Amino acid sequence: MAVVTYLEAIRQGLWEEMERDPAVFVMGEDVGVYGGAFKVTEGFINRFGPERVVDTPISEMAIASAAYGASLTGMRPVGEFQFMDFITSAHSQIVQILAKSNWRWGAPAPMVLRGPTGGGVSGGPFHSQNNEMAYVHTPGLKVICPATARDAKGLIKSAVRDNNPVLFFEHKYLYRRIKEELPEEEYTIPIGKARVHRQGKHVSVITYAATVYVAQEAAELLAKEGIEVEILDLRTLLPLDRDAIRETVEKTNRVIVLHEDTKTGGIAGEIAAIINEEAFDFLDAPIVRVTSLDSAVPFSPPLEKAFMPQVEDVVRAARRLVAY
Amino acid sequence: MPTDVVMPQMGESITEGTLTKWLKKPGDTVSRDEPLFEISTDKVDAEIPSPAAGTLLEIKVQEGATVGINTVVAVIGEAGGAAAPAPAAPKQETPKAEAPKAAAPAPAATPPPAASAPSGGGTDVVMPQMGESITEGTLTKWLKKVGDTVQRDEPLFEISTDKVDAEIPSPAAGTLTAIKVQEGATVGINTVVAVIGGSGSAAASAPAPAAKAAAAAPAATPAPSAAPVAAAAGGRIKSSPLVRKIAKDNNLDLGKISGTGASGRITKDDALNALNQGGKSAAPAAAATSAAAPAASVAKPTSPAPEPGSLVPLTKMRSIIAQRMVESKRISPHVHTIFKVDMTRIVRLREKEKSKYEQRNGVKLTYMPFIARAAVAALRKHAIVNASMEGDAIRYNRNINLGIAVALEWGLIVPVIKQTEERNFLGVARAIVDVADRARNKKLAPDEISGGTFTLTNSGIFGEQFGMPIINQPQSAILGIGGLSKEAVVMTDKEGNDTIAIRSVQYFSLGFDHRVIDGADAGKFMSDFKAYLENWAEDIG
């Protein structure tokens, strides 16, 4: 298969699932006639028709609710939020209804809510956030954050086939910037399993989404100093792959948790607590968090750069840990 | 009324600083705002002005020590005031800042007793750091008073910080002999707030400087034995969960292991080394005592000298060395060319950077990486020096695999750093320390002692001017590193005036195989090598 972008991989995954199962349909703002604000659903309406590619009013609450209703009748909807920042408009539906549907009424809600998330593109505070933690905190949901084109395709397919409400956060910075050769044959990636992005032995960097590439660049610089960094790409935040986290700590004994999400309430704190509970005896140094600052995302490019974790931050943290 | 001079906080996130240089000495008169000392922090190096006018009475923190912000570093008194007793040992010393580690002959040594402070002992109780970003705490309440007996871990005082209020347990058992910080005061983390035990004299009793023995002289024989144990007298032993687990699983006594980590912490490697040594006094990875030589020999154990007239069979290593040396001389017509290099620029750079460098990067800054980098640069330009004779042809080796000759107790070995040209300065520094260390601990893999294309050998540590080393076959050249010394040198300035200056110089001797390399090649190689060192411009990281 040709080399495709992360965005194209998602498009392919959705298309394949819609071909495979007539119960699958997409809905969202501008997904039909316009082909999607980011062109993820370009060409879909011509192939699958307006009943399966539904343009909705501008209401994330309506998208979430209507998708939920459809899922109760046997459909498998994929709702799109044009920017995941707007998920907050659907917060009540997601937390109170979607997340508790199976628990309260024995009524599974097999649906996906997906959209672009994250910053680094001068999108400003309303179009650059990382909102996933509010939903990682909500039992009953699944939360996925892929970093590679291959994972994005494999995971969107798994998300569609999963019988739970799945939130699928696509990092907009990666949409067209990363490309990968995908397998010819059909494949899915299991939800809830992390992936070792780079083998290492001196320090582990546990991360996900766009900061996987920050870690990679840092690892290349550190390799010149003889520090071999292991990078663990979480891929799914809920459920978290605790085994993979434990394994990497047992291997290197030094951990950096890196994410673009802000520091307070970001998953790094949760992971640090898990390591403390399950792998304390394997730590040879304190756990370090490298994250964005606790602030709204700035629009101004130099401010946004100061806000987000940079390669140098990871490099310095790794050197300090190795010297501890 | 004397004024305390403290380590200032140079930026919001800065928690400590290294005092790099005193600009005044005790007894000197200082004016207000006159530069008093220089510091180095993560973000900035700065001259710190005196907060008051008067006489510098006492220096409490020595050059090279790293202390928390707001730690008292000196005291200024009335002009002509009596000086306090001799400057006390530094507080909260981060030992990495100081002298090189002592090399440790393996089993023989036991650690000397933990150093006690000049005033007769006692454990310092410090303001703890309750969270990563916390830089100070307020002492809200003393739970004991001077003269009370305290048990270890018994609550001693209460503090309040940005993040948490807490009861702080006593680090030791004994009598509370001095309270140095009153209720309500806010002090920087690691500030001494009280003293338990000891004579209770007012002089600051520093915690036993952990880990690194200050002893090592620059010349040959390393100081014997491991450094004092990682624990402050009677205090907690700094280690980590992993280290404690290793100790528990293997019945190791952490009190007997020297720590080579930050602030004398026992690291995983220290624990594993101790395990390999049978759990006795650990031999931490012995870095060179001589600045120029990671290949410094570990002090030979005191084995009895052979009986006069006796016939001692060759060891395997000795017979291999004998064979190889003869063979090398037979195969290669050896020529040696000797160059004198002015190392003053590098000596100064190293003096300035070495303590920060070690803290920042966890590896000692010696002269070897400078020399290795210069050799790599020159080898890139003069590939013939990195080449080998193969039958009727010359192999121009693709990579520069640098051999570093290491003298061992039982002989000599040359571990190889592969693809040295790919590494930056810091990478080379780390690699040199790593292979030398593993060579001494017999942990080299077979492919690490072969495949070399050029060798560095350091014989200068014994005080020689230069040597004439034998080539390590099948290489075509070997660089002998002579001793670093000061000489009177003629220097010509821009206008053409000659003066005599005292400069640090070092002689380098290139031994080369005249079948492959001609005098001109060798001369050009050495000329570039010399220029690289004399005009050092590389970032050392």
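Since every read-out is calculated from the coordinates, none of them should be taken as a lab result. The structure displayed is predicted, hence computed values, not measured ones. Glycine gets a Cβ as well: all are built from the backbone with ideal geometry, and neighbour counts include every protein chain shown.
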Mean separation of Cα contacts under 8 Å (at least 6 apart) over the residue count of chain A, i.e. the relative contact order in percent, is 16
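What size of dipole, in debye to the nearest 20, comes out for segment A:3-181 about its Cα centre when the only charges are +1 on Lys and Arg C-beta atoms and -1 on Asp and Glu C-beta atoms? Kindly include the intermediate steps, with their values, before the conclusion.
Numbers: 18 positive and 19 negative charges, 63 e Å.
Dipole magnitude for segment A:3-181 comes out near 300 debye.
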With the dipole of the protein assembly as shown defined by +1 on each Lys or Arg Cβ and -1 on each Asp or Glu Cβ, the option from B:Met325, B:Ile48, A:Val196 whose Cα lies farthest towards the positive pole is B:Met325
Semi-axes (Å, rounded, descending) of the ellipsoid equivalent to segment B:123-196 per its C-alpha gyration tensor are 20, 11, 11
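Provide the net charge surrounding A:Glu29, with neighbours chosen by a C-beta distance below 11 Å and charges set as Lys +1, Arg +1, Asp -1, Glu -1. Spell out each step's value before the answer.
Working: positive: none; negative: A:Asp30, A:Asp55, A:Glu60, A:Glu80.
That works out to -4.
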Using alpha carbon centers only, segment B:481-533 is separated from segment A:202-253 by a whole-angstrom value of 47
Ranked on Cβ counts within 10 Å of their own Cβ, fewest leading, A:Tyr68, A:Tyr187 go A:Tyr187, A:Tyr68
Residues whose modelled amide H sits under 5 Å from the amide H of B:Leu36, counting only those 5 or more places away in sequence or on another chain, are B:Ile48, B:Ser50
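Where the convex hull is taken over the Cα atoms of segment B:316-534, what is its projected area averaged over directions, in nm²? Don't skip to the answer; put the middle values down first.
On the way: hull surface 53.5 nm².
Projected area, direction-averaged: 13.4 nm².
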Computed over chain A: longest principal axis from alpha-carbon atoms vs helix A:242-252 long axis, angle to nearest 10 degrees, is 20
Looks like segment A:99-187, by Cα gyration tensor root eigenvalues a ≥ b ≥ c and the a/c under 1.5 rounded cutoff (else prolate when a/b is bigger than b/c, oblate otherwise), is oblate
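Taking Rh as the Kirkwood radius, which is the inverse of the mean 1/r over Cα pairs, what is the Rg/Rh value for chain A? Please list the in-between numbers first.
On the way: Rg = 19.5 Å, Rh = 20.0 Å.
Rg/Rh for chain A comes to 0.97.
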Taking Cα atoms only, helix A:211-223 is inclined relative to the longest principal axis of chain A by an angle, in degrees rounded to 10, of 30
At R0 = 22 Å the Cβ-Cβ FRET efficiency linking B:Thr344 and B:Gln465, nearest 0.05, sits at 0.80
In degrees, nearest 10, the alpha-carbon axis of helix A:60-72 is tilted away from the dominant principal axis of the alpha carbons of chain A by 70
Final fewest-first order of B:Trp22, A:Trp105, B:Trp410 on the 10 Å Cβ neighbour count is A:Trp105, B:Trp410, B:Trp22
Binned at 10 Å from zero, the C-alpha pair distances of segment B:476-541 give percents of 17, 36, 34, 13, 1
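Could you work out the local net charge near A:Pro190, counting Lys and Arg as +1, Asp and Glu as -1, over the other residues with Cβ closer than 12 Å to its Cβ? Don't jump to the answer; show the numbers that get you there.
Details: positive: A:Lys142, A:Lys157, A:Arg161, A:Lys193, A:Arg195, A:Arg235; negative: A:Asp151, A:Asp162, A:Asp241.
Here the charged neighbours net out to +3.
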Note to self, the protein assembly as shown gives a 222 nm [θ] from helices alone (DSSP H runs n ≥ 4, -39500 (n - 2.57) apiece, / all residues, nearest 500) of -7500 deg cm²/dmol
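What is the sum of charges around B:Pro333, taking Lys and Arg as +1, Asp and Glu as -1, for the other residues whose C-beta is under 11 Å from the C-beta of B:Pro333? Display every interim value, and only then the final one.
Details: positive: B:Lys329, B:Arg330, B:Arg515; negative: B:Asp513.
Net charge in that neighbourhood comes out at +2.
Assuming a viscosity of 1.306 mPa s and a temperature of 10 °C, what translational diffusion coefficient in µm² per second does Stokes-Einstein assign to segment A:195-323, Rh being the Kirkwood radius over Cα pairs?
110
Consider all pairwise Cα distances in segment A:3-181 and report the whole-number % of them above 19 Å.
Of the Cα pairs, 53 percent sit more than 19 Å apart.
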Along the dipole axis of segment A:195-323 (charges at Cβ: +1 for Lys and Arg, -1 for Asp and Glu; origin at the Cα centre), the most positive-end residue among A:Ala223, A:Ala272, A:Ile206 is A:Ala223
1/(1 + (r/R0)^6) with r = Cβ-Cβ of A:Glu277 and B:Ser13, R0 = 25 Å, i.e. FRET efficiency to nearest 0.05, evaluates to 0.30
Rounded to the nearest Å, the spacing of the alpha-carbon centers of segment B:367-438 and segment B:455-480 is 13
Of the candidates A:Val121, A:Met111, A:Ile256, the farthest towards the positive dipole end of chain A (Lys/Arg Cβ +1, Asp/Glu Cβ -1, centred on the Cα centre) is A:Ile256
Treating only Lys and Arg (+1) and Asp and Glu (-1) as charged, each at its beta carbon, one finds that segment A:195-323 has a dipole about its Cα centre, in Debye to the nearest 20, of 240
In nm², the average projected area of the convex hull spanned by the Cα atoms of the protein assembly as shown is 47.4
